[in-house]
Amino acid sequence: MKSIFKKSILLNNLLKFWWVPTLSTILMFLSVPFPILERNVESLIQYQRTVSITSILPQTLIIIAFLAVIIGALVLRYMQTSKSVTLLHSMPFTRLQLYASNWLSGFILLMIPILVNFLVLISLYAFTKYSAIIDIDILWKWLAIVSMI
């Protein structure tokens with residue numbers, strides 16, 4: 001049975017475009033966990049204020065929208081020149097395998113910053129005093145909404 005995904009295409013895309021999720025992870029960190037870290041926890045606990053989903057979602061959605069366009073353009077950039085299209089379509093894999101492998105690598109590149117920032121938020125909740133102002137349900141909702149977008 002033939003696999004739909006070609007490991008070589010997938011790894012090539014991940015190695016070639018590793019800088020995109022790295023940059024967007026840093027950007028997303030500066031827009032989501034960092035503003036939470038800047039807040040004075042003691043005063044927020046005193047006034048019983050928590051982090052809401054509306055305070056951490058808009059910046060993330062803008063970053064994800066730009067990131068999706070950039071990753072899509074980079075992963076499918078080979079289609080813009082006839083030499084690279086001819087070369088890739090003469091390789092021993094089908095167009096379905098090429099498309100599926102590019103799609104999967106784009107999806108992985110898009111999910112890396114989301115998951116890294118989610119782990120940072122979860123660690124803030126689990127290991128710091130920020131657990132008093134961060135609700136775990138908000139974090140799971142944030143992950144679900146951003147992942148679906």
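Here is how the numbers come out for the structure above:
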| quantity | calculated |
| --- | --- |
| The listed residue being at pLDDT below 85 and either open to solvent by 70 Å² or more (accessible area, probe 1.4 Å) or assigned to a helix (DSSP H, G or I) (or both), out of P92, P21 | P92 |
| Which listed residue is closer than 16 Å to I26 by Cβ, out of contact with any Pro (no Cβ under 7 Å at 6 or more places or on another chain) and of a type in the set (A, V, I, L, M, F, W, C), from F127, F107, F66 | F66 |
| Whichever residue in the range 57-81 is among the hydroxyl-bearing types (S, T, Y) and either in a helix (DSSP H, G or I) or modelled with pLDDT under 75 (or both) and, among such residues, is most open to solvent (accessible area, probe 1.4 Å) | Y78 |
| Near pairs, Cβ below 7 angstrom, 6+ apart or cross-chain, from the range 122-149 (closer than 13 Å to P33 by Cβ and of a type outside the set (A, V, I, L, M)) to any residue that is at pLDDT below 80 and open to solvent by less than 80 Å² (accessible area, probe 1.4 Å) | Y125/S131; Y125/I134; Y130/I36; Y130/V41; W142/I53; W142/I56; W142/L57 |
| So T54, is it modelled with pLDDT under 85, surrounded by 15 or more Cβ atoms within 10 Å (Cβ to Cβ), assigned to a helix (DSSP H, G or I) and not hydrophobic (A, V, I, L, M, F, W, C) | no |
| Set S84, S123, S105, S101: member being in a helix (DSSP H, G or I), polar (S, T, N, Q), surrounded by 17 or more Cβ atoms within 10 Å (Cβ to Cβ) and more than 15 Å from the chain's Cα centre (by Cα) | S101 |
| Neighbours by Cβ (under 6 Å, 6+ apart or cross-chain): first from the range 78-106, closer than 23 Å to L67 by Cα; second modelled with pLDDT under 85 and outside any helix (DSSP H, G or I) | A100/I4; A100/F5; S101/F5; S101/K6; L104/F5 |
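The values are calculated or read from the model by the stated rules, or taken from the named source; none is laboratory data. Keep in mind the model is a prediction, meaning the values are calculated, not measured. When we count neighbours, we look across all protein chains shown, and the Cβ atoms used for this are built from the backbone with ideal geometry, even at glycine. Heads up: the accessible areas ignore ligands, DNA and RNA and are worked out on the full protein's heavy atoms, side chains in. Shrake-Rupley method; radii C 1.70, N 1.55, O 1.52, S 1.80 Å.
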